[in-house]
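Okay, structure first, notes after.
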Amino acid sequence: MPFLAIAVALAAGLVLSWLLRRAVLRLNRRLTALHDSSRRAKVPLRLTLCLIGVRVALALTTEDAPWRRTVDQVLLIALIAAAAWLVVAVLLIIESLMLTHYSVDVADNRRARRLRTQVLLARRVGVALVVILALGIALLTFPDVRALGAGILASAGLLSIVAGLAVQSSLVNVFAGVQLAFTDAIRVDDVVVVNKEWGRIEEITLTYVVVHIWDDRRLILPSTYFTTTPFENWTRRRSDVMGTVEFDLDWRAPVEAMRAELKTLLAGTDLWDERVGILQVTDATSGFVRVRILVSAADSASLFDLRCLIREELVRFLQQEHPQALPHLRWETVGSAQPQASPQRPQPQLEAHHRQPSDPHDSQLFTGSIEAVQRSRAFTGPGEQAFEDREKTLSAHG
């Protein structure tokens, strides 16, 4: 008799679960996403209804015996686990339905990303609470645990202090994660710059944030990082962004020709969102002219591709059309400061006996010490009169 009752209860649970699922789908047939997401609750719903039916069948067909109390205890714990599984599945279905109405695959997806972040965090918090409550209820089904409940509640103050000190850092991260979700500081798919790394917010949990770096690396940061450290959020208000391309060129750079080429490039690409596209000379020092181009795009990925396109095309344009605008280094050779003697007017050469210092004190032979100065005073040498007498003597004998 009990086995027949259990079989009937299992059959009734399966039929009832099928009827409930069909009724929900028929009432919400406009929600196409519900048909796919409702499959998550199929197994936990069947399990919950079957466990309820088995417990009722055993209670109606068997007497109160030790074996029945043991089986009933096991079924009760299994029922609590199945019910928790069903609640988690329902939370997942609600999350899928809410995210379906707000797509992030659009240009201005700020509202969708904000809702997605909050829904994901709320679902995670809900799942954690359901698991904790299910575990607590399952433990309370044991009489010994219920007897200890009064003592545990009496020492709750001391336990809370000890637990708070033990998990202080974890609780700080949990509160920081909740703060990030509901203060709209960052959202899933936001473009951020953290630790000089450019990337997107891929996942926000209660304790950490995953940043998808542009080169496919993942940067894992604690939630407290985003509440205590400054960082850049490029899509805080809008998804469209602006960026620059800079060139250091020669002073002969054709600014007007580059400006015309830039307009042609922007008109021929879909990466530009037609908001900003200007070329300016921002500096002219140290032998170079700095040309800066400011452009805009619908999102950061398009902006990166647009900047690369402009850089490549303008480099090619300057190489082919205006090579004189490329950076050059110049230098001059400065000659000796003393004038060179003219070859047409050679300097007169004096005879050896005429080349003497005008003042004997100018000679290095009589400088450098007191004795040398005294020698210079004693030395006179032949004067001009001696040379004239010598010339007269030679003329007379000649």
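Say we look at the range 276-314 and pick out the residues that are surrounded by 16 or more Cβ atoms within 10 Å (Cβ to Cβ) and of a type in the set (S, T, N, Q); which of these is farthest from Val191 (Cα to Cα)? The qualifying residue farthest from Val191 (Cα to Cα) is Ser296.
Of the residues Val188, Val192, the single one that is under 17 Å from Ala122 (Cβ atoms) and either under 15 Å from the mean Cα position of the chain (by Cα) or at pLDDT below 85 (or both) is Val188.
Looking for whichever is assigned by TED's automatic domain parsing to the domain that holds Ala9, buried (at least 18 other Cβ atoms within 10 Å of the Cβ) and part of a helix (DSSP H, G or I) here; the options are Ala89, Ala78. Which one fits?
Selected residue: Ala89, the only one of Ala89, Ala78 that is assigned by TED's automatic domain parsing to the domain that holds Ala9, buried (at least 18 other Cβ atoms within 10 Å of the Cβ) and part of a helix (DSSP H, G or I).
The numbered conditions (1) within 30 Å of Asn173 (Cβ to Cβ); (2) at pLDDT below 85 are all true for Met242 except (1). Looking for something among the charged types (D, E, K, R), in contact with a helix residue (DSSP H, G or I) (Cβ under 7 Å, 6 or more places away or on another chain) and either modelled with pLDDT of 80 or more or outside the structural domain of Val87 (by TED's automatic domain parsing) (or both) - is there at least one such residue anywhere in the range 40-51? So far as the range 40-51 goes, yes, one or more of its residues are among the charged types (D, E, K, R), in contact with a helix residue (DSSP H, G or I) (Cβ under 7 Å, 6 or more places away or on another chain) and either modelled with pLDDT of 80 or more or outside the structural domain of Val87 (by TED's automatic domain parsing) (or both). Residue count for the range 200-242 under the criterion of being closer than 25 Å to Ala297 by Cα, touching a Lys or Arg at 6+ places or on another chain (Cβ under 8 Å) and either of a type in the set (Gly, Ala, Ser) or not in a strand (DSSP E or B) (or both): the result is 5. Restricting the range 69-101 to residues that are under 21 Å from Ile137 (Cβ atoms) and without any contact (Cβ under 8 Å) to a residue 24 or more places away in the chain, the residue that is nearest to the chain's Cα centre (by Cα) is Val74. Hey, any hits in the range 112-132 for a residue that's surrounded by fewer than 14 Cβ atoms within 10 Å (Cβ to Cβ), at pLDDT below 80 and part of a helix (DSSP H, G or I)? The answer is no, given that none of the residues of the range 112-132 is surrounded by fewer than 14 Cβ atoms within 10 Å (Cβ to Cβ), at pLDDT below 80 and part of a helix (DSSP H, G or I). Based on what the data block shows, is Phe175 free of Cβ contacts under 8 Å to residues at least 12 places away in the same chain and surrounded by 12 or more Cβ atoms within 10 Å (Cβ to Cβ)? Considered against the rule, which asks whether it is free of Cβ contacts under 8 Å to residues at least 12 places away in the same chain and surrounded by 12 or more Cβ atoms within 10 Å (Cβ to Cβ), Phe175 comes out as yes. Looking at Glu313, Glu274, just one residue is of a type in the set (D, E, K, R) and on the phi > 0 side of the Ramachandran plot, and that residue is Glu274.
Condition (residue is in a helix (DSSP H, G or I), free of Cβ contacts under 8 Å to residues at least 40 places away in the same chain and over 29 Å from the mean Cα position of the chain (by Cα)) applied to the range 302-316: is it met by at least one residue? The answer is yes, given that some residue of the range 302-316 is in a helix (DSSP H, G or I), free of Cβ contacts under 8 Å to residues at least 40 places away in the same chain and over 29 Å from the mean Cα position of the chain (by Cα). The condition of being charged (D, E, K, R), surrounded by fewer than 18 Cβ atoms within 10 Å (Cβ to Cβ) and either out of contact with any Leu (no Cβ under 8 Å at 6 or more places or on another chain) or part of a loop (DSSP other than H, G, I, E, B) (or both) holds for Asp270.
The values are calculated or read from the model by the stated rules, or taken from the named source; none is laboratory data. Everything numeric in this text was worked out from a predicted model, so none of it was measured. All Cβ positions, even for glycine, are placed from backbone atoms using ideal geometry, and neighbour counts span all protein chains on display.
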